[in-house]
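The values are calculated or read from the model by the stated rules, or taken from the named source; none is laboratory data. None of these values were measured; they are calculated from a predicted model. Counting neighbours? That spans all protein chains shown, and the Cβs are built from the backbone with ideal geometry, glycine included.
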Ligand SMILES: [Zn+2]
C-alpha cells in the first residue's frame, strides 16, 4: 500500500512519512508495534492503515517512543486513547516529553524551539506506562532489543529486531541514500556523547536500517557507519 504517507517498506515494516520525519509499524502476524508516533497526520494514517488492513485497534500492542522530541511523539496521546496500547519511553526523556526542560541544553534557542513546537503542534500529554532500559528485550515477535544512545537526547534509544535484522535508528544516525549523517550539533543535547553513542550501532549485524530522518530509502548504511567509526577512532576518538 502506497497511500498518503503510508509506505509498505518490507513484508513486516510499514513506514509513515511526513515532511520531516518517519515513524514505523513493525508487524508480527496481526500484532503491531508502533515505533514513534510522528507528527501531524501520522496517528491519523496509522488508524486508517488499521482500518484498511482489517485490523482491530487492540492489535496495536505497544507504542515505543525512541525519544522525547516533538516530531517523534506527536500522535502518542491520540494513539494511546484510541488503542489503549501502553507507551514505552526511556526515563531520561520523561521530562522532555512532558514539556519540562531540565537541561543541560546546548542553547536556550533549542529549548525554546522544543517548547514552542510542543505548543504549536498541540502535543498532548500522555501516560508513560513502561520505562525502557539499555539491554531490555521487548516481548514482540522474537524480541526487540533496546539500545540506549544518549547524546541527541539523554534518553534516546534505538531498537533492533534480531529476527528481521532491522535497526530502527531514531535520530542517532540519519541517512541520505547509502550515506550516513548526523543531526546538527545544535539539535544534540550533548554532541560529543551523541557521536560516541552511534559507535555502538556499528557492530550490529543489521541488514536494514530505518532512521527517523532519511531520503532515498537505501538502507544499506552499515558499511558507511563502520567507515565513520574507523575514521573517528583513527582520529583518536572513542
Ligand atoms: Zn530528535
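Being out of contact with any helix residue (DSSP H, G or I) (no Cβ under 7 Å at 6 or more places or on another chain), within 16 Å of the ligand (Cβ to nearest atom) and at pLDDT below 90, is that true of even one residue in region 165-175?
yes
Could you tell me which residue of region 144-160 is farthest from the ligand (Cβ to nearest atom), considering only residues that are at pLDDT 95 or above and surrounded by fewer than 24 Cβ atoms within 10 Å (Cβ to Cβ)?
Of everything passing the filter in region 144-160, 145 is farthest from the ligand (Cβ to nearest atom).
Within region 176-188, can you find the residues that are within 13 Å of the ligand (Cβ to nearest atom), over 15 Å from residue 21 (Cα atoms) and crowded, with 18+ Cβ neighbours inside 10 Å?
Within region 176-188, just 188 meets the criteria.
Can you tell me which residue in region 70-97 is nearest to residue 112 (Cα to Cα), limited to those that are within 16 Å of the ligand (Cβ to nearest atom) and touching a helix residue (DSSP H, G or I) at 6+ places or on another chain (Cβ under 7 Å)? Reasoning before the result, please.
Filtering region 70-97 for residues within 16 Å of the ligand (Cβ to nearest atom) gives 70-76, 89-90, 92-97.
From what's left, touching a helix residue (DSSP H, G or I) at 6+ places or on another chain (Cβ under 7 Å): 70, 73-75, 89.
Values: 70: 12, 73: 18, 74: 17, 75: 21, 89: 22 Å.
Applying the filter and picking the extreme gives 70.
Go over the candidates 223, 203, 191 one by one and state the one that is in contact (Cβ under 8 Å) with a residue 40 or more places away in the chain and within 26 Å of residue 10 (Cβ to Cβ).
Exactly one residue qualifies, and that residue is 223.
Tell me, please, whether a residue that is crowded, with 23+ Cβ neighbours inside 10 Å, assigned to a loop (DSSP other than H, G, I, E, B), touching a residue at least 60 places away in the same chain (Cβ under 8 Å) and in contact with a helix residue (DSSP H, G or I) (Cβ under 8 Å, 6 or more places away or on another chain) can be found in region 12-29.
No, region 12-29 contains no residue that is crowded, with 23+ Cβ neighbours inside 10 Å, assigned to a loop (DSSP other than H, G, I, E, B), touching a residue at least 60 places away in the same chain (Cβ under 8 Å) and in contact with a helix residue (DSSP H, G or I) (Cβ under 8 Å, 6 or more places away or on another chain).
Answer yes if at least one residue in region 179-197 is farther than 27 Å from residue 96 by Cα and more than 16 Å from the chain's Cα centre (by Cα), and no otherwise. So that I can check it myself, show each step before the final result.
Filtering region 179-197 for residues farther than 27 Å from residue 96 by Cα gives 179.
If we keep only those that are more than 16 Å from the chain's Cα centre (by Cα) as well, we get 179.
Looking for residues that are farther than 27 Å from residue 96 by Cα and more than 16 Å from the chain's Cα centre (by Cα), one finds at least one in region 179-197, hence yes.
Among the residues of region 27-41, are any away from the ligand (no atom under 16 Å from the Cβ), at pLDDT below 95, within 19 Å of residue 212 (Cα to Cα) and touching a strand residue (DSSP E or B) at 6+ places or on another chain (Cβ under 9 Å)?
Yes, region 27-41 contains at least one residue that is away from the ligand (no atom under 16 Å from the Cβ), at pLDDT below 95, within 19 Å of residue 212 (Cα to Cα) and touching a strand residue (DSSP E or B) at 6+ places or on another chain (Cβ under 9 Å).
Does residue 186 satisfy the criteria of being out of contact with any strand residue (DSSP E or B) (no Cβ under 9 Å at 6 or more places or on another chain) and on the phi < 0 side of the Ramachandran plot? Please lay out each step first, then the result.
Working: out of contact with any strand residue (DSSP E or B) (no Cβ under 9 Å at 6 or more places or on another chain): yes; on the phi < 0 side of the Ramachandran plot: yes.
The answer is yes for residue 186.
Among 105, 122, which is farther than 17 Å from residue 155 by Cα, at pLDDT below 75 and not in a helix (DSSP H, G or I)?
Selected residue: 122, the only one of 105, 122 that is farther than 17 Å from residue 155 by Cα, at pLDDT below 75 and not in a helix (DSSP H, G or I).
Just checking, does region 210-218 include any residue being closer than 27 Å to residue 39 by Cβ, part of a loop (DSSP other than H, G, I, E, B), modelled with pLDDT of 95 or more and within 13 Å of the ligand (Cβ to nearest atom)?
no
Considering only residues that are surrounded by fewer than 17 Cβ atoms within 10 Å (Cβ to Cβ) and touching a strand residue (DSSP E or B) at 6+ places or on another chain (Cβ under 8 Å), look in region 189-218 and name the one that is farthest from residue 134 (Cα to Cα).
So the residue we want is 216.
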